[in-house]
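One structure is given below, encoded as structure tokens.
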Amino acid sequence: MLKVENLSKQFTLHQQGGVQIPVIPRLSFSVTSGEAVAITGPSGRGKSSLLKLLFGSYIATSGSIKILHEAEWLELTNISPRHMMDVRNKTIGYVTQFLRVIPRVSTLTIVSEPLIYRGVEVSAALLRAQNLLDQLNIPQKLWHLSPMTFSGGEQQRVNIARGFAAHHPLLLLDEPTASLDDENRNRVMELIREAQKNGSAILAVFHNEDERHLVCERDIAL
Amino acid sequence: MNGLLTVDNITKNYGSRVGCHPASFELWPGEVLAIVGESGSGKTTLLKCISGQMDPTSGSVRYTKRDGEQILFQNLSEAERRFLMRTDWGFVHQDARDGLRMGVSAGANVGERLMAVGDRHYGHIRKSAADWLRQVEIDVERIDDSPWSFSGGMRQRLQIARNLVTAPRIIFMDEPTGGLDVSVQARLLDLMRGLVRNLGLAAVIVTHDLAVARLLSTRMMVMQAGSVIETGLTDQILEDPQAPYTQLLVSSVLQV
Amino acid sequence: MSGPHYNFAYLNEQTKRMIRRAILKAVAIPGYQVPFAAREMPMPLGWGTGGVQVTAACLTAEDTLKVIDQGADDTTNAVSIRKFFVKTANVATTEQTEEATIIQTRHRFPETPLKENQILVYQVPIPEPLRFLEPRETETRKMHALEEYGVMHVKLYEDISRFGEIATAYAYPALVNDRYMFDPSPIPKFDNPKLDQSPALQLFGAGREKRIYAIPPYTKVKSLDFEDYPFTLPTWEKPCAICGSKTSYLDEILTDDQGGRMFVCSDTDYCRKNQVAK
């Protein structure tokens, strides 16, 4: 599903005299479909940065990222923005704990959007969104409201629902369960296992050892 | 397969002064491209040169029509250009007074493009105008009012409705939220975002406001002193800017 | 009566030739506004200087001239212009529409149908029908060149949205020969249908704006309208109070300061003939 070879990333801060900050040193690994892999390491070692590199938010300094996109291997490090958008639509999903709140757009729309972009029928997309919101304990009375006024935990769960909605073959999870209570954390873990069972590859950063052991078969240590 | 709009080495000189160094890009259906940079960086010049508002000094703009045929904008007759610009293309000016006919009512402003393409049924024109006012969240009661009686945000929304009534495929916007206060801006941005998504429009938006670019665009082009210095996905430009100037630009705004 | 001091019909021959060239071009391109070098005339702008120059260029010693203002032969403007040509060209004049070979008019088309050997000369204040929407001359010329007339309907749209009907009652825009949008001068829209396929040559002169345009005989003139708001003619509740005509254009005349009023034909010649016939 994903092959990373000799991937490195360093920031060059031109505003500070061109100082170079290494973030990822020559990293190689691969992930296959249906596999759940944890990225581990002390904080500041670039766990989130790695996910951003894979998602295309960061530009790799050197190395290669190959992904199986629509049955073809695609090199992501030199891909055009338009193709990257297509990869994000169909292949790579990214879930963080932070919801980028879009004012005035209803929760249901936010969650169903990724499916609708992929060409799924609106009614089917809405149904999937409802199921996910239900699974994540978002009360039905909130579905038609913008999550702008929701509590932090609720916003986070809306974002998770959105991330899982489209059944992306590769899911990048950045501390998806941080600051959730036990009940909801378990729900999210269920979603992860479900996605895995459906064949998605999972690459995750957890802030909690137990969770990591609960779903992940192996680690990539940074 | 061709993009909706293919811009190839567009340049613009104002006498001996360079307005815009060679710029090239491709725009695809559903894409929103933001051109960012500070005042005087040439972004409006570039926008005007690719949208038929101004003749470029050199370079070409190709447009793929609904039937898939790609045409060279510079080869079109003036009649064909003007027709294209009031059917398949739309242009939202920074100052709504440049984009509206201030002397006639809001409804006539929206209906004008319909009449220009041959609609001769008052009832139909009136209904379309009302529908579009509703879509841009202007009270339909105001349909016969003059744009002079509208607030800045309303005028901007009216300008958008006026452009969208012929179901264009590309919309060019020059600082669409400039000069509006923040709460009005937010409302306009939400509206544009929704319209762009629901109608599958492609858009090119010139703005100096990175927050506007982040909310609306999928892709970004950064300009400095007439040159395009960086292009990429919006989140990539904002989170991992490469060029020194882009880093300065991103770091000098408040968190967006 | 004609003094020796004036060239025939006041204008010098070169000027008349220049105006005739403009008229020929105007006839060749029906509805197109031909620029011409309008001269100072011995009357103020707005008094029909454009029409007078066109008439002067068309006039021959054999012509019989009729001049009307709002349909009447005896109003100041009509009388002045008629006297002007009697003095400078010593031509025959008439008040009878059918006898005239050239009729100069302000704001009316005569009720009596015109014939092939007649020329109707209109005095025009603003020749550009698009001016209401577009103040730039460069832009209106381009709009004519590219036949971008959609905006003309904006004006009619505004009428309907404001008054529930097309309220434009005079200077009602029309399309000449399926090509040029034109302003028929401030004639009532009641007269518009008479311009269509008229056997007479119709010439329009705008002195201040320096434009001449024409509708050759038997040319299509189509008044603008909407499919659901077609062009309509005004009607009056009563016939003419003097001659009893039910088909002519009526003026409202106040008879006292107690609110007394009557409606009478604006075309004085037509009204008189009707009375005689009775």
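The values are calculated or read from the model by the stated rules, or taken from the named source; none is laboratory data. Note that the coordinates shown come from a computational prediction; the quantities given were computed from them, not determined experimentally. FYI the Cβ positions are ideal-geometry reconstructions off the backbone, even for glycines, and counts take in every protein chain you see. Note: areas computed on protein heavy atoms with side chains; ligands, DNA, RNA excluded. Shrake-Rupley method; radii C 1.70, N 1.55, O 1.52, S 1.80 Å.
Checking each residue in region C:99-116 for being open to solvent by 70 Å² or more (accessible area, probe 1.4 Å) and in contact with a Leu (Cβ under 9 Å, 6 or more places away or on another chain) picks out only C:E116.
Return a yes/no flag: does region A:23-33 have any residue that is out of contact with any Asp or Glu (no Cβ under 7 Å at 6 or more places or on another chain), surrounded by fewer than 16 Cβ atoms within 10 Å (Cβ to Cβ) and either within 14 Å of chain B (Cβ to nearest Cβ) or within 27 Å of A:I116 (Cα to Cα) (or both). Yes, there is a match, as at least one residue in region A:23-33 is out of contact with any Asp or Glu (no Cβ under 7 Å at 6 or more places or on another chain), surrounded by fewer than 16 Cβ atoms within 10 Å (Cβ to Cβ) and either within 14 Å of chain B (Cβ to nearest Cβ) or within 27 Å of A:I116 (Cα to Cα) (or both). Checked against the criterion of being surrounded by 21 or more Cβ atoms within 10 Å (Cβ to Cβ), outside any strand (DSSP E or B) and either touching a residue at least 60 places away in the same chain (Cβ under 8 Å) or over 14 Å from the mean Cα position of the chain (by Cα) (or both), the candidates B:G153, B:G179 yield just one match: B:G153. The criterion of at least 1 residues that are over 26 Å from B:N2 (Cα atoms) is met by the following strands (runs of 3 or more DSSP E) wholly inside region B:184-256: B:202-207, B:219-224.
Yes or no, residue by residue, for (1) free of Cβ contacts under 8 Å to residues at least 12 places away in the same chain; (2) open to solvent by less than 20 Å² (accessible area, probe 1.4 Å); (3) assigned to a loop (DSSP other than H, G, I, E, B):
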{"position": "B:G3", "(1), (2), (3)": "no, yes, yes"}
{"position": "B:V7", "(1), (2), (3)": "no, yes, no"}
{"position": "B:V18", "(1), (2), (3)": "no, no, no"}
{"position": "B:S24", "(1), (2), (3)": "no, no, no"}
{"position": "B:Q53", "(1), (2), (3)": "no, no, yes"}
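In the condition set (1) open to solvent by less than 10 Å² (accessible area, probe 1.4 Å); (2) away from every other protein chain (no Cβ under 14 Å); (3) farther than 27 Å from B:V250 by Cβ, B:H93 is compliant with all but (1).
Of the helices (runs of 4 or more DSSP H) lying entirely inside region B:61-118, the ones with 3 or more residues being out of contact with any Cys (no Cβ under 6 Å at 6 or more places or on another chain), within 26 Å of C:F226 (Cα to Cα) and not assigned by TED's automatic domain parsing to the domain that holds B:I143 are found at B:78-87.
Against the conditions (1) within 10 Å of another protein chain (Cβ to nearest Cβ); (2) charged (D, E, K, R); (3) open to solvent by less than 40 Å² (accessible area, probe 1.4 Å), B:E230 satisfies every one except (1).
Residues that are within 13 Å of chain C (Cβ to nearest Cβ) and at positive phi are absent from region B:144-165.
Residues in region B:27-48 that are under 20 Å from B:T64 (Cβ atoms) and either among the aromatic types (F, W, Y) or more than 15 Å from the chain's Cα centre (by Cα) (or both): B:W28 only. Residue-level analysis places C:D183 among those that are more than 14 Å from every other protein chain (Cβ to nearest Cβ) and either under 18 Å from C:F36 (Cβ atoms) or among the aliphatic types (A, V, I, L, M) (or both).
Rundown of residues vs (1) surrounded by 15 or more Cβ atoms within 10 Å (Cβ to Cβ); (2) within 17 Å of the chain's Cα centre (by Cα), yes/no style:
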{"position": "A:G163", "(1), (2)": "yes, yes"}
{"position": "A:L172", "(1), (2)": "yes, yes"}
{"position": "A:N186", "(1), (2)": "no, no"}
{"position": "A:E190", "(1), (2)": "no, yes"}
{"position": "A:L203", "(1), (2)": "yes, yes"}
{"position": "A:H207", "(1), (2)": "yes, yes"}
{"position": "A:A221", "(1), (2)": "no, no"}
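Cβ-Cβ contacts under 8 Å between residues 6 or more apart (or on different chains), taken from a first residue in region A:117-139 that is among the hydrophobic types (A, V, I, L, M, F, W, C) to a second residue that is modelled with pLDDT under 95 and exposed (fewer than 14 other Cβ atoms within 10 Å of the Cβ), are listed as A:L133/A:Q140.
Annotation: of all residues in region B:127-143 being open to solvent by less than 60 Å² (accessible area, probe 1.4 Å) and closer than 25 Å to B:F83 by Cα, the one that is nearest to the other protein chains (Cβ to nearest Cβ) is B:A129. The conditions of being modelled with pLDDT of 90 or more, within 12 Å of chain B (Cβ to nearest Cβ) and at negative phi are met by A:S57.
Kindly check whether there is at least one residue in region C:244-266 that is in contact with a Lys or Arg (Cβ under 9 Å, 6 or more places away or on another chain), of a type in the set (V, I, T) and part of a loop (DSSP other than H, G, I, E, B). Scanning region C:244-266, I find at least one residue that is in contact with a Lys or Arg (Cβ under 9 Å, 6 or more places away or on another chain), of a type in the set (V, I, T) and part of a loop (DSSP other than H, G, I, E, B), so the answer is yes.
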